[in-house]
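This report refers to the structure that appears directly beneath it.
Bear in mind that the values in this text are calculations on the coordinates, not laboratory data. Every value quoted in this text rests on a predicted model; they were computed, and no experiment measured them. Glycine also receives a Cβ, built like all others from the backbone with ideal geometry; neighbour counts cover every protein chain displayed.
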Amino acid sequence: MTEVRHDQFAARQTGTPPAGEDWIAELTSSGSVRDDALRRLHALLLRGARFQVSRMSALRAMVGAAQVEDIITLAADEAMVAVLTKLGTFEGRSRFTTWAYKFAVLQAAVELRRQAWSRREVPLDAAPALIEPRPSPDEYAEGAELAAAVRDAIDRVLTPHQRRIALALIVEEIPIDVLAERLGTNRNALYKSLHDTRSRLRAHLALEGYLAPTTRSPGEAR
Amino acid sequence: MTAAPRPLASDAVRRLTTDPGPWLSCDDCFRLVDRYVESLLGADPQPLAADLAAMPAHLAGCAACSEEAATLLVLAATDAGIDSDEALRRARLS
């Protein structure tokens, strides 16, 4: 059985659609066929949302059980709208269920992060100062010099904006969606800042001899 | 309000200096993630398609996308009756 299912994924990779996926036809039909497909789709999205929330135990503990159920239901409802709105963009290059699940997973994760942090303050006007940690003997032996070089590079080569975003995401571990909402921006923009920060830090640390230079193949975008 | 001083732990050093790889936005990661996780579930995984090549570095660098991709991989594997552990290890997701 497992090999058969593996073969379905292999067939998908070569562009051959597996049998039995009638979702698009059913969701775009009418009457009881469509109603039944909508019910099954909503159940699938509820499952996806519930599973995502179940894997986020630390954040789940920060909101009450009733609120968790609300988050799951809201996420499934919003994912349902997203899936039906984007139905025409489904290319059949993955299973329909995998494609649909991702909307529920995203909505559930974003909403739980948002709710869990809703009462927590997020300092926005400046990044924290970095102080020397007390490393274990192993950490001291392996990474104290690099850590000091990174602290120095953060202060010397990053812009104030890059420093604030990087430390909020990496040191303070503020979820990217939460930080985006508080700053009035979006996940893409914050991740771009973090991407550029890493490139800049790595280039500086390579010049200083702490890291090997990053190499890219000729056609690889930066 | 200014945040209190914080230590720079070794894990933070590692995540700050992770090779970011070629640029891929979170929106593009979302667009591709269903194909990417299924590519990891084949019995004999093939080399990644060219348009999926930036996914591993993005997922290594974006905690939120990585968390969501891991869930999607487990859901897809479970529905297909496949053990997801090997695929999670291969993708370095948890």
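Odds and ends about this structure:
- Principal-axis tilt of helix B:63-80 within chain B, Cα atoms, nearest 10 degrees: 20 degrees
- Convex hull volume of chain B per residue (C-alpha atoms, cubic angstrom): 130 Å³
- For A:Lys192 and A:Lys86, the FRET efficiency from 1/(1 + (r/R0)^6), where r spans their Cβ atoms and R0 equals 22 Å, is about 0.40.
- Averaged over the residues of A:85-94, the number of partner chain Cβ atoms lying within 10 Å of the residue Cβ comes to 2.
- With Cα atoms, 0 to 90° folded angle of helix B:26-39 axis to chain B main axis: 40 degrees
- The chymotrypsin sites (Phe, Trp or Tyr not before Pro) of region B:1-64 include none that meets both criteria, a DSSP state outside H, G, I, E and B (loop) and at most 16 other C-beta atoms within 10 angstrom of the site's C-beta.
- Averaged over the residues of A:97-104, the number of partner chain Cβ atoms lying within 10 Å of the residue Cβ comes to 6.
- Rounded FRET efficiency, nearest 0.05, which uses the C-beta distance separating A:Ala43 from A:His161 and R0 of 51 Å: 0.70
- Residue among A:Ala166, A:Leu211, A:Thr197 farthest towards the positive dipole end of region A:143-222, charges placed on Cβ: A:Thr197
- About its Cα centre, the dipole of region B:23-91 is roughly 160 debye, where the only charges are +1 on Lys and Arg Cβ and -1 on Asp and Glu Cβ.
- Extension gain, A:Ala61-A:Ser32: 0.36 nm per intervening residue step, less the Cα-Cα distance, totals 6.4 nm.
- Number of partner chain Cβ atoms within 10 Å, mean per residue of A:163-172: 4
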